[in-house]
Amino acid sequence: MKIVFIEPRSTEANVYSRISMPLLGPIYLGTILKARGHEVEIYNEDILRPDYGKLEADLIGISILTSTAKRGYEIADRFPREKVIMGGVHASLLPEEAIKHARQVVIGEAEEVIVDIAEGRITEPIVRGRPVGDLDSLPYPDFTLIKGDRSRTLAIPVSTSRGCPHDCSFCSVTKMFGRKYRFRSAENVMGELESNGRKSIFFCDDNFAAAPGRTYKLLDLLVKHDIKNWACQVRCDVTRDARMLGLMAKAGCQAVCVGLESVNEKTLKAYDKKQTVTQIIDAIRAFHKSKIKVHGMFVLGGDDDNMKTVWETVSFAVKQKIDTIQMMILTPFPGTRVYKDLESEKRIFTKDWNLYDGQHIVFRPKLLSAKELQLGVLKAYAKYYSLSKSFSLLIGLHFRNALLRFMGHSILKEWKHNNGKLSWLSSTPV
Ligand code: B12
Ligand code: SF4
């Protein structure tokens, strides 16, 4: 069979639009199907948009996040429904919506059901996937299945674990992968890294260090094999483990992406983040002392946030010398606690999924208007990503940071150009 997977592009520019990093789901599934003898192609629309008029396949698999769902449905509707299957976080959380555009939808992880679906042995419309018990049993993802030029991809994504023991109120991860933390052995991960060649790596685990024993071992192996130039996602609390931090630095960790979330203690509590502002400050200092750069991610718009919180976030980032930041607007992703709460309070004013990307306000905040929050975050972003800051960083020879800030600046310009009229807000009483 010829099987084509498509990862739709998001319609709105975001801070990551230019990185062109593919999701691993379609690649794992494609690799498994290829090993069964099928012909597989994967299109990530940010890398290469296929010519849909000419695209022929026996089966089309579409992977959707909430922000790419509408585009995914649009693509699906170009093909006969009996050829289309869907999966990914959004399809898993709203299968009844996705099934309107596909013959089958998989909820959750699909590695253990994909072959039977493709080969017609599983035929029910909504299929419950199964969490992979032994992640070492998965093949190494075959990136050559992706069509187009991947040279713009900043780093190769590598997933060493699934699930997260925490349960932050706005996060889709535990709804999708569960709270049980499953992880690959250090040796298995090392095998994949060796097969990748010496490229930059992004460990895209939601929590790279949640099983310390395994991660110490993996870091030891990175040192032994002289693999440097990698980044990962961790929580602040990793810095309280001196052995872990020391090993990360020794193993060449360039940067960490950390969910700092808020500089407002009440908001941190409401998000159920289980960290304090003091712990955040300590963590940033510890990372910097270990020469690890910090990409700090904030979520603004909790019920205790006001305009002061927005500006305090920028001041905090500047004062603590956070290397790059992302200020997202709280987004009620279906299935999360935030979604349930806001929905029950009738505060969500649009279900246009294109806007569910952390950059658009889609609900009524408590202490300020939707428009105030949207404009406040945009202005705060502009201040942080101001050209003057990028220039001074360049003068200071911090090229990478400057580059990232320029990137943020140009994306912001594009965003403002497209959304200058804040059209989705003008039609709503917010
Ligand atoms: C790497 C990553 C990124 C990368 C690349 C993402 C990309 N190409 O979209 C970057 C950093 C660029 C990024 C950006 C964003 N991300 Co992101 N990201 C991730 C992360 C950490 C890992 C993704 C991954 O590879 N997972 C591992 C693979 C194995 O899982 P999977 O792709 O879901 O695939 C499995 C199943 O879904 C299913 N499946 C998947 N596709 C298909 C297709 C078919 C046909 C079938 C049958 C089954 C199936 O089977 C697969 C194997 O089991 C996830 C968290 C997570 N744990 O998934 C967040 C996550 C996907 N991101 C999220 C968000 C919100 C964003 C942003 C909107 C906001 C932001 N952070 O700026 C942007 C938007 C990106 C976009 N495409 O528009 C949310 C999505 C929530 C939602 N409901 O949509 C997640 C879940 C994180 C979270 N905390 O909630 N992200
Ligand atoms: S935000 Fe991070 S720590 Fe919190 S539940 Fe999601 S993945 Fe886990």
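The values are calculated or read from the model by the stated rules, or taken from the named source; none is laboratory data. Being a predicted model, the structure only gives us computed values, none of them experimental. Quick reminder, even Gly has a Cβ in these numbers, built from the backbone with ideal geometry, and neighbours come from all protein chains shown. Calculation scope for accessible area: heavy atoms of the full protein, side chains included, ligands and nucleic acids excluded. Shrake-Rupley method; radii C 1.70, N 1.55, O 1.52, S 1.80 Å.
Numbers below:
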| quantity | calculated |
| --- | --- |
| Flag if residue 231 is within 29 Å of residue 169 (Cα to Cα) and crowded, with 17+ Cβ neighbours inside 10 Å | yes |
| Matching residues, region 171-189, being open to solvent by 10 Å² or more (accessible area, probe 1.4 Å) and either of a type in the set (A, V, I, L, M, F, W, C) or in contact (Cβ under 8 Å) with a residue 60 or more places away in the chain (or both) | 171, 172, 173, 175, 176, 177, 183 |
| Residue satisfying condition, being crowded, with 23+ Cβ neighbours inside 10 Å, in contact (Cβ under 8 Å) with a residue 40 or more places away in the chain and either of a type outside the set (Phe, Trp, Tyr) or within 28 Å of residue 161 (Cα to Cα) (or both), within set 85, 6 | 6 |
| Every residue from region 190-220 that is more than 11 Å from ligand 1 (Cβ to nearest atom) and either open to solvent by 30 Å² or more (accessible area, probe 1.4 Å) or at positive phi (or both) | 194, 195, 197, 198, 199, 200, 210, 212, 213, 216, 217, 220 |
| Residue identified as more than 11 Å from ligand 1 (Cβ to nearest atom) and either farther than 22 Å from residue 154 by Cα or not hydroxyl-bearing (Ser, Thr, Tyr) (or both) among 90, 101 | 101 |
| Within region 157-170, considering residues that are open to solvent by 20 Å² or more (accessible area, probe 1.4 Å) and touching a strand residue (DSSP E or B) at 6+ places or on another chain (Cβ under 8 Å), the one farthest from ligand 2 (Cβ to nearest atom) | 162 |
| Answer from 112, 74, 96 - the residue that is open to solvent by 10 Å² or more (accessible area, probe 1.4 Å), closer than 29 Å to residue 134 by Cα and among the acidic types (Asp, Glu) | 112 |
| The listed residue being open to solvent by 30 Å² or more (accessible area, probe 1.4 Å) and more than 23 Å from the chain's Cα centre (by Cα), out of 340, 321, 351 | 321 |
| Residue under evaluation residue 110, criteria (1) more than 9 Å from ligand 1 (Cβ to nearest atom); (2) touching a Phe, Trp or Tyr at 6+ places or on another chain (Cβ under 9 Å); (3) aliphatic (A, V, I, L, M), criterion not met | (1) |
| Answer from 33, 55 - the residue that is surrounded by fewer than 20 Cβ atoms within 10 Å (Cβ to Cβ), hydrophobic (A, V, I, L, M, F, W, C) and out of contact with any Cys (no Cβ under 7 Å at 6 or more places or on another chain) | 55 |
